[in-house]
Every structure is written in structure tokens, then in C-alpha cells.
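Worksheet for the structure shown next.
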Amino acid sequence: MPKPPFSFCGLPNNDTDYARASTVILPIPFDKTSTWVKGADKGPAAIIEASGYLELYDIETDSEVFKKGIFTAKPIRSASISVLIKKTDSAVSSYLKDNKLVVTLGGEHSVSIGVIKSYTERYKDLSILHLDAHADSRDSYQGTRYNHACVIARVQEFTKNIVSVGIRSMDVSERSGVDHKRIFLAHKIHDSDKWINNTVRLLTDSVYITIDLDVFDPGIMPSTGTPEPGGLGWYQVMKLLYSVSKSKRIVGFDVVELCPSNSKAPDFLAAKLIYTLLSYIDVNKPRHAGIPSC
């Protein structure tokens, strides 16, 4: 099989033209604060490479979302997290002004900070759906407030409308800040799907989703920097995402913390996750025609 072009889904130029694209794929290959296995900076390239081998017809939604146009932007790079946040905020704000849906590829989870900042400035009543193994709400870690373990603490400075799902690891210092009505711990939801409707009800009309791939069980997603046992399965996550897309307006999302290994299966899972979620968003768009964009 020939190697596809280096763009999401390996799309030819006529499908990646910025002006007609509904979606922008934004790679951010940053891995400065990872605390165990390094290599998340290689995640965006691995996802893009794997996406070139996706079937572009989605069985579940009976659709071909690539026809709406998917533009792959140049990666944002910086050795400094503070500079990275400024660069990301500027780029995403520009894409949002052009009415694009931005899909960010990490990189460690700290890359989400600048993206979410832009989204909270654009959308007045935005809620954040946070899928993760870790609470990520330490105020600081290893000498910085912008460690990947501090992402949700930084996002809380922009908005308090955060719902976390799949959490199964936190430091004792994070416990006091937990709102038990807005966090769905993995050990409490693993044997039922009843929590999905409760999650959706907590979200506002406009939703941004941040997906740390370690939310999945390491049996299907071993390629992360900080794997945790007892994670969610593929269909649990996809049922949640479909339910959100059906009743809310998903305005953007990120997929972070892929740390590529010799196995290509996790890379493909990440690519499939992105394409399927884009398909969900597209087929459910008519339901949200009355929801204001900002």
C-alpha cells in the first residue's frame, strides 16, 4: 500500500483546501512536562500517519465526513510552555474567527490550555467535557503550574463548567477540590451506562471535549506516558461522545497524550476516534441549528 500524503486521512489537495474545509487539524508536538514515559511529541505525526489508512466511509453514521473538508495545519512548536500557550491561543482564535472546528493533536495534555482559553473567549456559555485517567487538577507540579498534571486547574481559571469522566488517579491535594456531582470516577461507572445521561445533563449547549487517551484501558491503549489500569472501553467512550453530539453542540476537541510505541494499533485507535467523532458531529448538526455559535 502506498504511503499516504502527510495530512489527516491522507486527503488530496482538493479535500484539504482551507477555505472550504469545515475542520482544522492542529498538531502540537510538545512534550516538556511529561513525568514518566517520554514521546508524546511524536503523537501528532503518528496519528496523522495512521489516519491515512482509515476507511473514509463511516459505517455507524452511514456518512463520509471527509467531504466537508479537513485541513491539516502546520504544527505549532515551542520549547517554552508559556510561548506555546500564546502561539496556540493566537492560532486557534484565528481559526474560530473563520468558523472552523479545531481538532488539536497532542502532545502532552498541557497543549490543551491555550486551545481551551481561545474557546472560552469565543463561546460565552462553554462547558468542558474532560476524559482522562487523572484528575489533572494540581495547582503546580515539579516546579511549574503548567505541568500536564495541572491542566484542569488552569482551565478552571477560564471556566468552572467542567465535567470529568473516567478518573481513577489523583493526588490527595486534589481531593478537596473535587465536585462529586461533576466527576464520574471509573470504578463507579465501569459496569453500567446509566452515568452517560447524567454526564450529558451537566453540560451546557456548547461543549469542548478534551480527551486524554489514557482514559481508555491500557489493554487497548497502552501507548500513553502514564497508563492506569481499569480504564474505559471503546464503546463506552463512543456511546458517551455520540450522546453528547446528539443533544449538544460540540464546537471543538483535542486528543492528547499518545506516546507512540512499536505497535500501530493505538495510533489507529486515536485516528479512528477523531474521525468517528467528526462523523457524529456532522450527522447531528441539524439538531443544533437553533444553538447560537457564540
Q. Can you name every residue in segment 237-257 that is touching an Asp or Glu at 6+ places or on another chain (Cβ under 7 Å) and either crowded, with 19+ Cβ neighbours inside 10 Å or of a type in the set (Asp, Glu) (or both)?
A. LYS248, ARG249, VAL256, GLU257
Q) Which one of these does PRO222 not meet: (1) at pLDDT 95 or above; (2) over 12 Å from the mean Cα position of the chain (by Cα); (3) over 21 Å from ALA149 (Cβ atoms)? A) (3)
Q. Out of curiosity, is GLU228 of a type outside the set (S, T, N, Q), at positive phi and either modelled with pLDDT of 95 or more or in contact with a Lys or Arg (Cβ under 6 Å, 6 or more places away or on another chain) (or both)?
A. no
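Residue under question is LEU26, and the condition is that it be at pLDDT 90 or above, of a type in the set (A, V, I, L, M, F, W, C) and part of a loop (DSSP other than H, G, I, E, B); does it hold?
Numbers: at pLDDT 90 or above: yes; of a type in the set (A, V, I, L, M, F, W, C): yes; part of a loop (DSSP other than H, G, I, E, B): no.
Answer is no for this residue.
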(Q) Test of understanding: among SER137, SER78, which residue is over 27 Å from ARG20 (Cα atoms), of a type in the set (S, T, N, Q) and touching a Gly at 6+ places or on another chain (Cβ under 9 Å)? (A) SER137
Q | Selection within segment 118-147 - buried (at least 21 other Cβ atoms within 10 Å of the Cβ) and β-branched (Val, Ile, Thr) | A | ILE128
**Q.** Search result, residues across segment 244-279 that are in a helix (DSSP H, G or I), out of contact with any strand residue (DSSP E or B) (no Cβ under 8 Å at 6 or more places or on another chain), hydroxyl-bearing (Ser, Thr, Tyr) and touching a residue at least 40 places away in the same chain (Cβ under 8 Å)
**A.** SER247
Q: Could you tell me which of the residues SER247, SER279 is under 18 Å from VAL65 (Cβ atoms) and polar (S, T, N, Q)?
A: SER279
Q.
Which condition from (1) among the hydroxyl-bearing types (Ser, Thr, Tyr); (2) at pLDDT 95 or above; (3) surrounded by fewer than 20 Cβ atoms within 10 Å (Cβ to Cβ); (4) farther than 26 Å from MET238 by Cβ is the one that THR88 breaks?
A. (3)
**Q.** Residues of segment 162-188 satisfying the condition of being modelled with pLDDT of 95 or more and under 30 Å from ALA79 (Cα atoms)
**A.** ILE162, SER164, ILE167, SER169, MET170
Q: Identify the single condition in (1) in contact with a Gly (Cβ under 8 Å, 6 or more places away or on another chain); (2) within 20 Å of ILE76 (Cβ to Cβ); (3) of a type outside the set (Gly, Ala, Ser) that TYR146 does not satisfy, given that it satisfies every other one.
A: (1)
Q: Residues being touching a helix residue (DSSP H, G or I) at 6+ places or on another chain (Cβ under 8 Å) and not in a loop (DSSP other than H, G, I, E, B): count how many of those fall in segment 91-119.
A: 20
Q | Odd one out for ILE47, checked against (1) free of Cβ contacts under 8 Å to residues at least 12 places away in the same chain; (2) in a helix (DSSP H, G or I); (3) within 18 Å of THR276 (Cα to Cα) | A | (1)
Q | Residue list for segment 134-183, filter: without any contact (Cβ under 8 Å) to a residue 40 or more places away in the chain and at positive phi | A | GLY143
Q. For the subset of segment 21-57 comprising residues that are closer than 12 Å to CYS259 by Cα and out of contact with any Asp or Glu (no Cβ under 9 Å at 6 or more places or on another chain), which member is surrounded by the fewest Cβ atoms within 10 Å (Cβ to Cβ)?
A. TRP36
Q) (1) closer than 16 Å to SER279 by Cβ; (2) surrounded by fewer than 22 Cβ atoms within 10 Å (Cβ to Cβ); (3) of a type in the set (Gly, Ala, Ser); (4) touching a residue at least 60 places away in the same chain (Cβ under 8 Å): which one isn't true of GLY69, the others all being true? A) (4)
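Restricting to segment 50-82, count the residues that are within 23 Å of ASP98 (Cα to Cα) and part of a helix (DSSP H, G or I).
Residues that pass the stated criteria total 4.
Going by the structure shown, is VAL115 farther than 18 Å from TRP36 by Cα, among the aliphatic types (A, V, I, L, M), buried (at least 21 other Cβ atoms within 10 Å of the Cβ) and touching a Ser or Thr at 6+ places or on another chain (Cβ under 6 Å)?
For VAL115, the condition - farther than 18 Å from TRP36 by Cα, among the aliphatic types (A, V, I, L, M), buried (at least 21 other Cβ atoms within 10 Å of the Cβ) and touching a Ser or Thr at 6+ places or on another chain (Cβ under 6 Å) - is met.
The values are calculated or read from the model by the stated rules, or taken from the named source; none is laboratory data. Please read all numbers here as calculations on a predicted model, not as lab measurements. Note that each Cβ is placed from the backbone with ideal geometry, even for glycine, and that neighbours are counted across all protein chains shown.
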